[in-house]
Ligand code: ATR
């Protein structure tokens, strides 16, 4: 029987997940279907119950249900717990296993697809919301020389730095700061994990942070040359990236978790890439 998967969210029509998982399934010869599941607010648990009752095997979860999925799960991975949000579920009988693959997908894109190492590097992470939180543990596992988390509301950046310290970061290795503190500092890699680009806004980052920067990475996908990427480009950064690779890699992680086979992401990235102009 064909195994059933879906992405649940509201709205959900814009989701690329059915296309991505359809391409993965075809390339790896997996017998599965993957559909969109739009669910009213407050309807998450009922919709997932029904999907499981109809032999659903797993789901991706997107806004606004990542916290509902966290609550619904019976087992949560360490990274899902740390991110405080869930983007993939696997159903095994009465068990509901929860994962968050956004951060590992991001790191895989940077180290494997873009061939940039974070180990021993000075890394700047802009933002301290859900996206930044998801990246924290996977970034730490790469052992950067320094990870600076910068946020408008300083207390959220400090909170993430405190979590990193609890997770074994060396003293001074992970620091929280505000934008004004970035004056005079430079970084090898800069990530924009704020939601500013979704509204065409620029986080107030000084262009001087890019002086020796080899990669500027916008976690948002499909927005072209965002104000953040334009600033980096004008400051001379040679390599710019948006979140298309992260999107493909987090999907590949979920696919491997569900199906036991890791698909190649190159065809998906080529299909979904939007020119950074
Ligand atoms: P997400 O899940 O996309 O991370 P979020 O949890 O709402 O969304 O977090 C949004 C992040 O973008 C926050 O770090 C927010 O900063 P504050 O915590 O100070 O609000 C940041 N952000 C949003 N718009 C921004 C802007 N114009 N400039 C700088 N940071 C911005």
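Quick notes on this one:
- Of all the criteria given as (1) under 18 Å from the mean Cα position of the chain (by Cα); (2) on the phi > 0 side of the Ramachandran plot, the one not satisfied by residue 88 is (2).
- Residue count for the range 44-59 satisfying the condition of being under 14 Å from residue 95 (Cα atoms), without any contact (Cβ under 8 Å) to a residue 40 or more places away in the chain and within 23 Å of the chain's Cα centre (by Cα): 0.
- In the condition set (1) crowded, with 23+ Cβ neighbours inside 10 Å; (2) more than 13 Å from the chain's Cα centre (by Cα); (3) within 10 Å of the ligand (Cβ to nearest atom), residue 147 is compliant with all but (3).
- All conditions but one from (1) touching a residue at least 60 places away in the same chain (Cβ under 8 Å); (2) touching a helix residue (DSSP H, G or I) at 6+ places or on another chain (Cβ under 7 Å); (3) more than 24 Å from residue 159 (Cβ to Cβ) apply to residue 241; the one that does not is (2).
- Enumerated strands (runs of 3 or more DSSP E) restricted to the range 48-150, each holding at least 1 residues that are closer than 23 Å to residue 11 by Cα: 56-61, 88-92, 95-99
- Condition broken by residue 222, with the remaining ones in (1) closer than 21 Å to residue 79 by Cα; (2) within 16 Å of the ligand (Cβ to nearest atom); (3) modelled with pLDDT under 95 satisfied: (1)
- Count of the range 220-277 residues which are outside any helix (DSSP H, G or I) and closer than 24 Å to residue 29 by Cβ: 6
- Yes/no for residue 22 being assigned by TED's automatic domain parsing to the domain that holds residue 251, touching a strand residue (DSSP E or B) at 6+ places or on another chain (Cβ under 8 Å) and more than 27 Å from residue 245 (Cβ to Cβ): no
- Leading residue by the ranking (nearest to the ligand (Cβ to nearest atom)) among those in the range 176-197 that are in a helix (DSSP H, G or I) and touching a helix residue (DSSP H, G or I) at 6+ places or on another chain (Cβ under 9 Å): 196
- Members of the range 198-210 that are out of contact with any helix residue (DSSP H, G or I) (no Cβ under 6 Å at 6 or more places or on another chain) and either part of a strand (DSSP E or B) or more than 9 Å from the ligand (Cβ to nearest atom) (or both): 200, 208
- Test: residue 213 is more than 19 Å from residue 85 (Cα to Cα), within 15 Å of the ligand (Cβ to nearest atom) and surrounded by 16 or more Cβ atoms within 10 Å (Cβ to Cβ): no
- Per the listing 167, 173, 142, the residue uniquely outside the structural domain of residue 266 (by TED's automatic domain parsing), modelled with pLDDT under 95 and more than 16 Å from the ligand (Cβ to nearest atom) is 167.
- Boolean, residue 88 is assigned by TED's automatic domain parsing to the domain that holds residue 9, under 18 Å from residue 49 (Cα atoms) and buried (at least 24 other Cβ atoms within 10 Å of the Cβ): yes
The values are calculated or read from the model by the stated rules, or taken from the named source; none is laboratory data. On a predicted model such as this, the values are computed, not experimentally measured, just so you know. Methodologically, a virtual Cβ is constructed for each residue, glycine included, from the backbone with ideal geometry; neighbour enumeration extends over all protein chains shown.
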